[in-house]
Every structure is written in structure tokens, then in C-alpha cells.
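S.K.: My structure is below; once you've seen it, I'll send some questions.
The values are calculated or read from the model by the stated rules, or taken from the named source; none is laboratory data. The model shown is predicted, which means the values in this text are computed figures rather than measured ones. Glycine gets a Cβ as well: all are built from the backbone with ideal geometry, and neighbour counts include every protein chain shown. We work out accessible area using only protein heavy atoms, side chains counted, and drop any ligands, DNA or RNA first. Shrake-Rupley method; radii C 1.70, N 1.55, O 1.52, S 1.80 Å.
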Amino acid sequence: MLSGLVIVDKPQGWTSHDVVGRMRRLAGTRKVGHAGTLDPMATGVLVLGINKATRLLTYIVGTSKTYTATIRLGESTVTDDAEGEVIATHSAATVTEEAVRAGVAALTGEIQQVPSSVSAIKVNGERAYARVRSGEDVKLAARPVTIHRFAVHSIRPVKDGEALDVDVTVECSSGTYIRALARDLGEALGTGGHLTALRRTQVGPYTLEQARTLEQLAEELEVLEMSQAARALMPNRELSDEETNEISFGRRIAAGVDAGTPQAATAEKPAAAFAPDGSLVALLADAGSFAKPVLVFAPSNEQQAT
């Protein structure tokens, strides 16, 4: 059974669900999932899991992401991106490069961010964007996110100088909305702002260089094998034959070398354990002097550990 990760370069105009549907047909299986959505307007890295590898997706969702984007200052839209109707315009002709960079600096580090009202966040069981489309005025609560890097590459006047396009790179924690950064930068500068282009270049350890378009994948389905995917994603632990046998039956073994330190493997951030032949056996968490399996991948004993 084909299992592994597929790193897709998502095309513009496709939803993440559209891409999953296409991959189900290409891989010949219904068991396909993704590790975090991309808006239809966005392009770039979308990590898909096939069959057994869908169990790795939960550990990818929370990793940091990197994006390249273009922010337009001078126009606000209902969706905070180019897909929404322009609802306000304010001249950005007098906005200086120094002011833009100061605004970006203020949005770097640990911040409280209010997600876009047309996000997929659920409000009383219904997606926020669905409530907005039905005419409701939706206000979402601020949430903590971390902007590790917010770099300005160029600032270009557009629309006869009344608006500015700012090309940026953003490296951020999971849960960050880049269009909300565009909105908030515009608000801070008094011009309004929205996102006109967005490309995700990295999810955790998986990069755009590894990504393939759907057309390329239709010609040759490139799958990152389970052990390779886990080696890149998590701390590694090499097992002996005896430890491999114990873990394959869900039994405990001695804790890893990082047990008792902040680097110790946990159920939320486990270590990937490999048999002597290099195959992925399990995900392990340290508990005192023992390591216990969180998830076992041994072929004849696949199970969720309890």
C-alpha cells in the first residue's frame, strides 16, 4: 500500500479540498489528508499525507510556515485579500519607507492577532466566512501568534502613486493569517491594506524545492516515503533489534538520552523511532525512565498506543 507525504505546489484558484480530491484520484485511495489549508488565492507548499502517512499530519499542522507575499497599502477589502470587494481607499502617496518598516517591526515577534472575519474559524459551530456571507457582522477574538521574521524586500508605487505594493517574506507560527498582517499594517499606517499575492514556500522542514505541481504529479507521483518524512520532521531515535521488537508490540523501552530535559520527547512532540534497517517503527514519548509508543507503525501491529 502506497504511503507517504506528497509536497504539492498548489495552483491559484484551487481550494485545499480540491487538491485532496485530485490526489485521491492520482494515488488511487480515499485516505488522503492535508496538513493545513491554503486559501484559493494562495499558491505554494501544501503537504498531503497518503494512507498511513495521514497519521503524521497532526504533527505537521503545528509547525512554522514561511510565505512570500505582496501587501497593497491604500485599499481595504472585505476579505483582507484581493478576492474581496474594496470597501475603503486612502491615499498612500505620503507613506515613507521608514514608516512601512516601522509598521512591520511593530508586527514582528509575539503579537495578538485578530483573524480575518472570513476565515475558516468556527463560531458556534459555523465557519466565520459563512456567517459573513449571510450578512452577519462577525468579530473574532484576538489570539497569540509569533512572527519570527517579517522582511520587506521592495516598495513600489501603483495606481498613479495613490497605493503602494510592498513585497515581503513572513516566517510565522502556525495559526497566523498573513492577510490579517496586511490589514493591520494598513490600519497602523492609516491607509488600509490587503493582500494581493501569497505563496507558501515552506511548511516545517518541507520546502518549495520539494514541491511538484499537479501536472507533474499526474505524470509521476513523487511520494516522500514514511521514514524520510519522519526523519525530517522529528527528533530521531535509532533502535536495536530487541527494542524494535518490544516497541512493535506496544511495549515500553528505556527512555531516550534527552529524557528529563526540555528536549525530551512528548506525546505532542514525539521522537521518530527507526529499526536497524531504517524503517519507521513508532513515535515515542519519554515518561520517566521509560519511552512509550504514541503510535506504532510496525506492519503487523499498527495501532494507536494507549
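S.K.: Would you mind getting me the FRET efficiency between Arg251 and Ser289? Use the beta-carbon distance for r and R0 = 22 Å, nearest 0.05. All intermediate terms of the calculation are to be shown ahead of the outcome.
M.R.: Working: r = 14 Å, r/R0 = 0.65.
Step by step, r from the Cβ atoms, then E = 0.95.
S.K.: Still on this structure, please answer the following. Do you know the Lys pair count in the chain for C-alpha distances under 18 Å, with sequence separation 8 or more or different chains?
M.R.: Values: Lys10/Lys65; Lys31/Lys52; Lys65/Lys269; Lys122/Lys139; Lys269/Lys292.
Lysine pairs, 8 or more places apart or on different chains, close enough: 5.
S.K.: Can you list the residues, at least 5 places off or on another chain, whose amide H is less than 5 Å from the amide H of Val158, using H built in the peptide plane?
M.R.: Residues meeting the amide H criterion: Ala163, Leu164, Asp165.
S.K.: Pick out, in residue order, every one of the GluC sites (Glu not before Pro) in the stretch 169-235 that is DSSP loop and has at most 10 other C-beta atoms within 10 Å; say none if there are none. Present the calculation step by step, with values, prior to reporting the outcome.
M.R.: Values: sites: Glu171, Glu187, Glu209, Glu215, Glu219, Glu220, Glu222, Glu225; in loops: Glu220, Glu222.
Of the GluC sites (Glu not before Pro), the ones in loops of the stretch 169-235 whose Cβ has at most 10 other Cβ atoms within 10 Å are Glu220.
S.K.: So, in nm, how far is label Glu98 from label Glu215 when the simple model puts each one 7 Å beyond its Cα toward the Cβ?
M.R.: Distance between the two pseudo-spin positions: 4.8 nm.
S.K.: Enumerate the calculated ³J(HN,Hα) couplings along the stretch 258-268 in order (Karplus 6.51 cos²θ - 1.76 cosθ + 1.60, θ = phi - 60°), each rounded to whole Hz, writing x wherever the residue is Gly or Pro.
M.R.: 8, 4, x, 10, x, 8, 4, 5, 10, 4, 7
S.K.: Calculated FRET efficiency, Glu83 and Ala232, Cβ-Cβ r, R0 30 Å, to nearest 0.05?
M.R.: On the way: r = 33 Å, r/R0 = 1.10.
After rounding to 0.05, the efficiency reads 0.35.
S.K.: Add -39500 (n - 2.57) for each DSSP H run of 4 or more in the chain, then divide by its residues: what number comes out at 222 nm, to the nearest 500 deg cm²/dmol?
M.R.: Details: 8 runs with 67 residues, N = 306.
Here the helix-only value at 222 nm equals -6000 deg cm²/dmol.
S.K.: What does the net charge come to around Lys31 if you take all other residues with beta carbon closer than 9 Å to its beta carbon, with K and R at +1 and D and E at -1? Numbers along the way, then the final one.
M.R.: Details: positive: Arg24, Arg30, Lys52; negative: none.
Spelling it out: positives minus negatives among the neighbours equals +3.
S.K.: Once the Cβ-Cβ distance between Leu26 and Ser279 is put in as r, and R0 is 22 Å, what FRET efficiency do you end up with, to the nearest 0.05? Write down the numbers at each step before the final one.
M.R.: Details: r = 25 Å, r/R0 = 1.13.
The computed FRET efficiency comes out at 0.35.
S.K.: For the stretch 55-87, which GluC sites (Glu not before Pro) are in a loop by DSSP, counting at most 13 other Cβ atoms within 10 Å?
M.R.: Working: sites: Glu75, Glu83, Glu85; in loops: Glu83, Glu85.
Here the GluC sites (Glu not before Pro) that fit, given the DSSP loop and packing criteria, are Glu85.
S.K.: So which trypsin sites (Lys or Arg not before Pro) in the stretch 16-60 pass both tests, a DSSP loop state and at most 10 other Cβ atoms within 10 Å of the Cβ? Intermediate results must be reported in sequence, preceding the final value.
M.R.: Working: sites: Arg22, Arg24, Arg25, Arg30, Lys31, Lys52, Arg55; in loops: Arg30, Lys31.
For trypsin sites (Lys or Arg not before Pro) across the stretch 16-60 that sit outside H, G, I, E and B with at most 10 neighbouring Cβ atoms in 10 Å, the list reads Arg30.
S.K.: Along the stretch 43-49, what does the Karplus equation 6.51 cos²θ - 1.76 cosθ + 1.60 (θ = phi - 60°) give for ³J(HN,Hα), rounded to whole Hz, x for Gly and Pro?
M.R.: Each residue of the stretch 43-49 in turn: 10, x, 5, 10, 8, 10, x Hz.
S.K.: Which one of Thr108, Thr244, Thr94 has the biggest mean-square fluctuation once the chain is modelled by GNM with Cα springs under 10 Å?
M.R.: Of Thr108, Thr244, Thr94, the Gaussian network model singles out Thr94 as fluctuating most.
S.K.: Across the stretch 144-282, what fraction of all alpha-carbon pairs, as a whole percent, falls in each successive 10 Å bin from zero upward?
M.R.: Per 10 Å bin, starting at 0, the Cα pair percentages come out as 9, 26, 22, 21, 14, 6, 2, 0.
S.K.: Test of understanding: in a Gaussian network model of the chain with alpha carbons linked when under 10 Å, which of Ala82, Ala163, Ala267 would top the mean-square fluctuation ranking?
M.R.: Maximum fluctuation in the GNM of the chain, among the listed residues, is at Ala267.
S.K.: What figure in square angstrom, to the nearest 10, would you give for the accessible area of Val223 with a 1.4 Å probe?
M.R.: Roll a 1.4 Å probe over it and Val223 shows about 40 Å².
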